[in-house]
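See structure below.
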Amino acid sequence: MTAVFQPPRGLVGVRAARALLAVAFACILGAAWPVRAAEPSDLALWRLDCGRLEIGDLDDYSDAFLYAGRKAVFTDSCYLIRNGGRYLLWDTGLSRDLVGRPASDGGDRLFLDRSIRDQLAVIGVRPEQITFVGISHHHFDHTGQAADFPGATLLIDRRDWEVIGVRPDLSARFGPWLGGGAKVEPLAYDHDVFGDGSVVMLRTPGHTPGHRSLLVRLPRTGPVLLSGDVVHFDENLRREGVPGFNTSRAESLASIARLKAIAASLGAKIIIPHEPTDVADLPAFPQAAN
């Protein structure tokens, strides 16, 4: 026998019936409409001073002899990205052993004024708050202070990670992760760092086997592409100069083409971390880009 709903009688009964109908209607709506998504996380980007390089022979940066007889000064910039309560440190610059003690590397001169830890202290960020250390590639001027953040998860392309594992001159900077005490994620594909599309590590090989660039979609500034060493200065980008020490010329040119295509489709600004004029397009530390 099927039960039939009988509305309660009287004024009180009518009110009760209306309440029951309202609850039922709300349940139907709840099933039909998804819960509203949370607001986007607070996203900000700081540029950090991670050194300076005086390049004695710029001819090394083109295998087509584009820069013969020229010298240059490169910035060595790193970046801190905050997404809500999580932080990504992108590259770690020159070793802090160089603070106040310039050194030579072949015909180049290396300088470092302040460590990353000292700069983070200015904006109230402690080393243990760094969630991820992301590495564009394994070269010494991008990995020098990585071990100062042993509590972070290391994000690095798997091919560069394989190189680090067999070269003692590189592995010394990655002791916390090679020793098994810290978490490492060797990456095979483009990687969404925070899981919301705001910060993506892009595959841009050629300079090294596993080189990466970083796309940061800032809500006010707009999308920014941190190129890493796909190119080293603006003329390098325009003329598609490929250093003779890159691991693959074909991959290098493909990666330059990919960066240009992404910048065109998204309206993104390409920031070359070694190019002083590019780095100056971002707010001076301790101000942040939002």
R217 meets each of (1) closer than 17 Å to G134 by Cβ; (2) open to solvent by less than 40 Å² (accessible area, probe 1.4 Å) with one exception, condition (2)
Picking from V163, V122, V99, the residue that is touching a helix residue (DSSP H, G or I) at 6+ places or on another chain (Cβ under 8 Å), open to solvent by 30 Å² or more (accessible area, probe 1.4 Å), over 22 Å from V200 (Cα atoms) and modelled with pLDDT of 95 or more would be V163
Here the qualifying pairs (Cβ atoms under 6 Å; residues six or more apart or on different chains; first in the range 249-266 and at pLDDT 95 or above; second surrounded by fewer than 20 Cβ atoms within 10 Å (Cβ to Cβ) and not aliphatic (A, V, I, L, M)) come out as I256/E240; L266/P223
Apart from one, (1) modelled with pLDDT of 95 or more; (2) more than 20 Å from the chain's Cα centre (by Cα); (3) in a loop (DSSP other than H, G, I, E, B); (4) not hydrophobic (A, V, I, L, M, F, W, C) all hold for G93; the odd one out is (2)
> Could we say that V279 is in contact with a Leu (Cβ under 6 Å, 6 or more places away or on another chain), among the β-branched types (V, I, T) and open to solvent by less than 30 Å² (accessible area, probe 1.4 Å) here?
Replying inline: no
Within the bounds of the range 69-84, is there any residue that is within 24 Å of the chain's Cα centre (by Cα), part of a loop (DSSP other than H, G, I, E, B) and within 23 Å of S136 (Cα to Cα)? yes
The condition of being under 23 Å from T75 (Cβ atoms), of a type in the set (V, I, T) and surrounded by 23 or more Cβ atoms within 10 Å (Cβ to Cβ) holds, among I256, I156, only for I156
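The values are calculated or read from the model by the stated rules, or taken from the named source; none is laboratory data. Just so it is clear, the model here is predicted, and its values are computed rather than measured. Because the Cβ atoms are built from the backbone with ideal geometry, glycine has one as well, and the counts that use them run over all protein chains shown. Calculation scope for accessible area: heavy atoms of the full protein, side chains included, ligands and nucleic acids excluded. Shrake-Rupley method; radii C 1.70, N 1.55, O 1.52, S 1.80 Å.
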